[in-house]
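Data first, discussion second: the structure below is written as structure tokens.
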Amino acid sequence: MTQKILKVGSSAAVTIPKEVLREFGLRIGDRVQVETDKKRRVVMVKPLIFVKQELVDWTNGFIKKYRTALVALAKK
């Protein structure tokens, strides 16, 4: 599939066909990560995977509560 680089303000953009958006579950406004590989001359666009704040809070609480035990386990 060939896409054209477009000028958007002082930046550039590449459009993503709606079929690709649908296939990857992406929507307008979603955040993506752009990675480059200069050696292979590749630009990759990857969807960001978000974790629910509830899980982050629970994990941080678990680590805080059991830090000593976790550090001891890591040393074994």
Within the stretch 53-63, the residues that are among the acidic types (D, E) and either in contact with a Phe, Trp or Tyr (Cβ under 6 Å, 6 or more places away or on another chain) or surrounded by 10 or more Cβ atoms within 10 Å (Cβ to Cβ) (or both) are D57
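Any chance you could count how many residues in the stretch 7-37 are acidic (D, E) and more than 24 Å from V51 (Cα to Cα)? Give the derivation first.
Initially, the stretch 7-37 is screened for residues acidic (D, E), giving 19, 23, 30, 35, 37.
Narrowing the set further to residues that are more than 24 Å from V51 (Cα to Cα) leaves 19, 37.
Total satisfying the criteria: 2.
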Boolean, T68 is closer than 26 Å to T2 by Cα and either of a type in the set (S, T, Y) or over 11 Å from the mean Cα position of the chain (by Cα) (or both): no
Just one of (1) at pLDDT below 95; (2) outside any helix (DSSP H, G or I) trips up V56, so point out which. (2)
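Each row is one residue, and each column tells you yes or no for (1) surrounded by 10 or more Cβ atoms within 10 Å (Cβ to Cβ); (2) aromatic (F, W, Y); (3) not in a loop (DSSP other than H, G, I, E, B).
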{"position": "Q3", "(1), (2), (3)": "yes, no, no"}
{"position": "A13", "(1), (2), (3)": "yes, no, yes"}
{"position": "I16", "(1), (2), (3)": "yes, no, no"}
{"position": "V20", "(1), (2), (3)": "yes, no, yes"}
{"position": "E23", "(1), (2), (3)": "no, no, yes"}
{"position": "V34", "(1), (2), (3)": "no, no, yes"}
{"position": "K39", "(1), (2), (3)": "no, no, no"}
{"position": "V45", "(1), (2), (3)": "yes, no, yes"}
{"position": "V51", "(1), (2), (3)": "no, no, no"}
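Report yes if T68 is in a strand (DSSP E or B) and either without any contact (Cβ under 8 Å) to a residue 60 or more places away in the chain or polar (S, T, N, Q) (or both), otherwise no. Working first, answer last.
Values: in a strand (DSSP E or B): no; either without any contact (Cβ under 8 Å) to a residue 60 or more places away in the chain or polar (S, T, N, Q) (or both): yes.
So T68 does not fit the description; no.
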Is it the case, given these coordinates, that G29 is assigned to a loop (DSSP other than H, G, I, E, B), farther than 19 Å from Q3 by Cα and not aromatic (F, W, Y)? yes
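The values are calculated or read from the model by the stated rules, or taken from the named source; none is laboratory data. Since this is a predicted model, take the numbers as computed values, not measurements. Cβ sites come from the backbone with ideal geometry, for glycine too, and all protein chains shown count toward neighbours.
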